[in-house]
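Engineer: Below: one structure in structure tokens.
Every number in this text was worked out from the coordinates using simple rules, so none of it is lab data. Note that this is a predicted model, so its numbers are computed, not measured. Because the Cβ atoms are built from the backbone with ideal geometry, glycine has one as well, and the counts that use them run over all protein chains shown.
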Amino acid sequence: MNPKLLMIASSIFMAANGLAFTFFPQEFLQNFNQPASPLIVSILQLLGALYLGFGMLNWMAKNLLIGGIYSRPISMGNFAHFLVAGLALLKAAPGLKLPQIWGLAVIYIVFAAGFGLVAFTHPKAVKV
């Protein structure tokens, strides 16, 4: 597993989600036929800020040696985020009956597996 490619892919994924939630919360809710109450819109915008921040963290850390004990907080934070979110999506997907949720769950589980490998294995110097 190339940690640099994983960091770049996750930063792009999170930044795209962050921008969407920050600037288009009503459109997101409309896509899922949900009412756009001021509270839900504000929560989505806060979630967008979180995703943008996490995406920026991953982008800024993409050149660090990540794995094992090196940059452990970054790899563990990403692993925990993607694993917990992936499991929550897998739990919710059957009841929601939306194919988008299944696709999102797969993306999260793949990122969780990648960050799990990076966090719990010895890093190798990769020249990119």
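Engineer: Using only Cα atoms, find the angle between the long axis of helix 72-96 and the longest principal axis of the chain, and express it within 0 to 90 degrees, rounded to the nearest 10.
Structural biologist: Roughly 40 degrees between the two axes.
Engineer: Once the Cα atoms of helix 99-120 and of the chain are each reduced to a long axis, what angle between those two axes, in degrees from 0 to 90 to the nearest 10, is obtained?
Structural biologist: With rounding to tens, the tilt is 20 degrees.
Engineer: Once you wrap a convex hull around the alpha carbon atoms of segment 3-120, what is its projected area averaged over all directions, in nm²? Don't jump to the answer; show the numbers that get you there.
Structural biologist: Values: hull surface 28.4 nm².
Mean shadow area of the hull around the Cα atoms is 7.1 nm².
Engineer: Ok, one more. With each label point set 7 Å from Cα along the Cα-Cβ vector, what nm distance links Val110 and His122?
Structural biologist: Going from the Val110 label point to the His122 one covers 3.0 nm.
Engineer: Using Cα atoms only, what is the angle between the long axis of helix 3-23 and the major principal axis of the chain, expressed in degrees (0 to 90) to the nearest 10?
Structural biologist: The two axes meet at around 20 degrees.
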